[in-house]
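K.L.:
Below are the structure tokens for one structure; questions will follow.
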Amino acid sequence: MSGKSGGESLIIDGGVRLEGEVAVSGAKNAALPIMAACLLAEGPVCLAGVPWLRDVATLTAVLQRLGVSVQGDRRGRVRLETVDHAPTQASYPLVRRMRASFCVLGPLLARRRHAVVALPGGCTIGHRPVDLHLAGLAQLGAEIKLQRGYVVARAPRLRGAELNLCGPRGPSVTGTANLLCAATLARGRTVIQGAAREPELVDLAKFLNALGARIAGIGTSTLEVVGVKQLAADRQLAADGYRIIPDRIEAATLLIAAAITGGRVGVTGIVADHLGAVRQVLHEAGVEVRWQEGRAQVGGQSAVRGFAVDALPYPGLPTDVQPLLVALACVAQGRSLIGDTVFPQRWRHVAELVRMGACIQRAGSAVVVTGTGTGMMAGSPQNRLQGAPVVGSDLRATAALVLAGLAAAGRTSVGGIHHLDRGYDHLDQKLNQLGARVANQTGVSLGVRCSS
Ligand code: EPZ
């Protein structure tokens, strides 16, 4: 596992226009709920295109302690098989470490009728309750208690119900995952209104149907599930493996890395339809991108210009791309207004960007950024962002600082890169493959290997 929390950092010598071609990895936020959903299945299940990330390694450890044998290989193939259905308590320190582990709650309860899962940790991006998850499970007939930091859920057998998953800030992504999994084995019909529509949940639903679930309305905000007695992978699926969709947030990260440096980069292995809102805001910012099926080519030397966008639930702009766009806005000509309706407090990256000379003012649940006008590095060095020592506070904030470092004049050291290797598969290597000058101070490349 790369890096240790605290001491490690990336050293970036900015000012290089990225050039070349790079492929995205599998989607973290699809792989995690799909791996958790394997708790529902009888017999072996094989996945393909699983990204090699710290979060995948953490969830692997959680599942192994829950009686699941997990074998991964270097090509992103992972074989999972429940060998012991008895354990029902997810490891407290592991779930505290990674919020996404909370996705084991629904599958565990549905298959083993009992689940003890730590309340997920708080997070630097804002308030992250789980009330929608718990209310939905209670409506499916579960008895839910909070005991010593754990959620304790019990249900002789879940029964179908009409659920609504839309909270004050829109639908819940992992809430939809938990309840969708639980409903697949519930008795009768469940309707989930206000379901999240993210592509990662479409992938989860398709995976569950490949195991024999009966889910309709996939991709819409109303999911209908008719419970079945058992889920299992057929021989074909167990052999070929279910392929995880590509990571749209990593794709956006690489596109913006190209744009912020004025480079010419082809990002391959993408699903362009998953990036509609990103496509729209990059167009508004004057970033020229040629979109083809499976590939997006950033090029053209027009300057980046100011833009206005709000992060919204899918199909709106992903909140996970918001910090990356703030970095891009720092080098745009003119002013940008960037808001976040999903996590209105998600601004920890702003203070660190200001250390690099960015001009950013908070405005409620938005920021106003006055760019240096040196997008595509057209400007003279003195009014560009300046390299500086900065520290990332979470996964996407740290990525935003890396992007700013690529465009800055001089050297930037980005601390907190243990956040990066939670959600990016060898980001430093991918950027260096495009000509960037990114050195990992720990000397260990980002990205982890699942325990085999
Ligand atoms: C998922 O988190 C993603 N994580 C996040 O990505 C992403 O930022 C987020 O969805 C929004 O798209 C994974 O998929 C593993 P939510 P999740 O429940 O499911 C409120 C990354 O960088 N809410 O959709 O935890 C909540 O406060 C991570 O990869 C409730 O009110 O987010 C927030 O304002 C960061 N009650 C909004 O809904 C609940 O019970 C969206 O949260 C649950 C959520």
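The values are calculated or read from the model by the stated rules, or taken from the named source; none is laboratory data. For clarity, every value in this text was computed on a predicted model and none was experimentally measured. Virtual Cβ from ideal backbone geometry, glycine too; neighbours counted across all protein chains shown. Areas reflect the complete protein model, heavy atoms only, side chains present, ligands, DNA and RNA absent. Shrake-Rupley method; radii C 1.70, N 1.55, O 1.52, S 1.80 Å.
K.L.:
Quick test for you: out of G266, G227, G262, G212, pick the one residue that is more than 30 Å from G339 (Cα to Cα) and open to solvent by less than 30 Å² (accessible area, probe 1.4 Å).
P.N.:
Step by step, each of G266, G227, G262, G212 is checked, and only G227 is more than 30 Å from G339 (Cα to Cα) and open to solvent by less than 30 Å² (accessible area, probe 1.4 Å).
K.L.:
Tell me, which residue of segment 314-367 that is open to solvent by 30 Å² or more (accessible area, probe 1.4 Å) and assigned to a strand (DSSP E or B) is farthest from the ligand (Cβ to nearest atom)?
P.N.:
Q333
K.L.:
Does at least one position in segment 90-108 carry a residue that is more than 16 Å from the ligand (Cβ to nearest atom), under 26 Å from A195 (Cβ atoms) and surrounded by 17 or more Cβ atoms within 10 Å (Cβ to Cβ)?
P.N.:
For segment 90-108, residues more than 16 Å from the ligand (Cβ to nearest atom), under 26 Å from A195 (Cβ atoms) and surrounded by 17 or more Cβ atoms within 10 Å (Cβ to Cβ): present.
K.L.:
Across segment 130-151, what is the number of residues that are open to solvent by 20 Å² or more (accessible area, probe 1.4 Å) and either away from the ligand (no atom under 12 Å from the Cβ) or within 17 Å of S101 (Cα to Cα) (or both)?
P.N.:
Total satisfying the criteria: 14.
K.L.:
What's the number of the condition G387 fails, among (1) within 16 Å of the ligand (Cβ to nearest atom); (2) over 22 Å from V278 (Cα atoms); (3) surrounded by fewer than 24 Cβ atoms within 10 Å (Cβ to Cβ); (4) at pLDDT 95 or above?
P.N.:
(1) is the only condition that G387 fails.
K.L.:
Here is a further query. For segment 68-103, which residues satisfy the criterion of being in a loop (DSSP other than H, G, I, E, B) and under 15 Å from V117 (Cα atoms)?
P.N.:
A86, P87, T88, A90, S91, M98
K.L.:
Continuing with this model, one more query. Mind checking which residues of segment 109-128 are modelled with pLDDT under 90 and either closer than 16 Å to S91 by Cβ or more than 15 Å from the ligand (Cβ to nearest atom) (or both)?
P.N.:
Result: P120, G121.
K.L.:
Would you mind telling me which numbered condition in (1) within 22 Å of the chain's Cα centre (by Cα); (2) touching a residue at least 40 places away in the same chain (Cβ under 8 Å) V228 fails?
P.N.:
In the conditions (1) within 22 Å of the chain's Cα centre (by Cα); (2) touching a residue at least 40 places away in the same chain (Cβ under 8 Å), V228 misses (1) alone.
K.L.:
If we only count strands (runs of 3 or more DSSP E) wholly inside segment 120-217, which ones have 1 or more residues that are within 19 Å of V228 (Cβ to Cβ)?
P.N.:
It comes to 162-164, 189-193, 214-216.
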